[in-house]
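The values are calculated or read from the model by the stated rules, or taken from the named source; none is laboratory data. None of the values given here were measured: they were computed from a predicted structure. For neighbour counting, all protein chains shown are included, and Cβ atoms are generated from backbone atoms with ideal geometry for every residue, glycine included. These area figures cover heavy atoms from the full protein model, side chains too; ligands, DNA and RNA do not enter into them. Shrake-Rupley method; radii C 1.70, N 1.55, O 1.52, S 1.80 Å.
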Amino acid sequence: MDDASRRDVADVVDSVPCWMAVALLTLADVVLFAWQLLPGTNAAEAQWLRGLELAINALFVCELGLRFVAAGGDFLSSTMNVFDTVVIVCAFVLCLAEFTAAPIVALRGLRILRYVCRGVRGACAASRIDAGFEMRGLVRQNSLS
């Protein structure tokens, strides 16, 4: 893929509407995950919720692919991107497999860490500030106070 196409993909993936859509999907995914854990959720509801969760996770996989295309070979040089990739792939596979054992459900709960990382990345992307620089500046300011 040529550089102009990568920049076009990056413009879409880094756009505010895309970040807002991902944020809304993330919120919906958290709600669906929590809803499945509620006592009293019957089998029909659980199956419907898992279907919605699978659809949302498929969209996350697509978004991950677009971000990979946009960044090119540099994508996996970021620790946050590696973490995001591992969590997305694991969540998608576990959702496909429909594991219900307690340790597996707890592993799926690690997605909450991903949501925190996405929030930080989203805030930095919205303000167009480098996350590493912002965090270093914040730590430096707090240590001087």
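Is it the case that Asp8 is of a type in the set (Asp, Glu), in contact (Cβ under 8 Å) with a residue 24 or more places away in the chain and either closer than 26 Å to Gly65 by Cα or open to solvent by less than 100 Å² (accessible area, probe 1.4 Å) (or both)?
Values: of a type in the set (Asp, Glu): yes; in contact (Cβ under 8 Å) with a residue 24 or more places away in the chain: no; either closer than 26 Å to Gly65 by Cα or open to solvent by less than 100 Å² (accessible area, probe 1.4 Å) (or both): yes.
Spelling it out, it is not the case that Asp8 is of a type in the set (Asp, Glu), in contact (Cβ under 8 Å) with a residue 24 or more places away in the chain and either closer than 26 Å to Gly65 by Cα or open to solvent by less than 100 Å² (accessible area, probe 1.4 Å) (or both).
What is the one condition in (1) modelled with pLDDT of 85 or more; (2) surrounded by fewer than 11 Cβ atoms within 10 Å (Cβ to Cβ) that Ala55 does not satisfy?
Going through (1) modelled with pLDDT of 85 or more; (2) surrounded by fewer than 11 Cβ atoms within 10 Å (Cβ to Cβ) one by one, Ala55 breaks only (2).
I'd like to verify a number: residues in the stretch 8-44 that are modelled with pLDDT of 85 or more and of a type in the set (D, E, K, R), how many?
Final tally of qualifying residues: 2.
Could you tell me whether the stretch 41-51 includes any residue that is surrounded by 15 or more Cβ atoms within 10 Å (Cβ to Cβ) and among the aliphatic types (A, V, I, L, M)?
yes
Return yes or no: is Thr79 of a type outside the set (A, V, I, L, M, F, W, C), under 19 Å from Leu113 (Cβ atoms) and touching a residue at least 40 places away in the same chain (Cβ under 8 Å)? Give the steps one after another, and end with the answer.
On the way: of a type outside the set (A, V, I, L, M, F, W, C): yes; under 19 Å from Leu113 (Cβ atoms): yes; touching a residue at least 40 places away in the same chain (Cβ under 8 Å): no.
Against the criterion (of a type outside the set (A, V, I, L, M, F, W, C), under 19 Å from Leu113 (Cβ atoms) and touching a residue at least 40 places away in the same chain (Cβ under 8 Å)), Thr79 does not qualify.
How about the stretch 13-36: which of its residues are closer than 19 Å to Arg67 by Cβ and surrounded by 12 or more Cβ atoms within 10 Å (Cβ to Cβ)?
Val13, Asp14, Ser15, Cys18, Trp19, Met20, Ala21, Val22, Ala23, Leu25, Thr26, Asp29, listed by residue number.
Would you mind finding the one in Leu49, Leu64 that is over 22 Å from Arg6 (Cα atoms) and part of a helix (DSSP H, G or I)?
Numbers: Leu64 fails: over 22 Å from Arg6 (Cα atoms).
None of the others qualify; the one that does is Leu49.
On the given criteria, is Gly132 under 30 Å from Arg7 (Cα atoms), modelled with pLDDT under 75, open to solvent by less than 70 Å² (accessible area, probe 1.4 Å) and in a helix (DSSP H, G or I)? Show your work before the answer.
Details: under 30 Å from Arg7 (Cα atoms): yes; modelled with pLDDT under 75: yes; open to solvent by less than 70 Å² (accessible area, probe 1.4 Å): yes; in a helix (DSSP H, G or I): yes.
Criteria met by Gly132.
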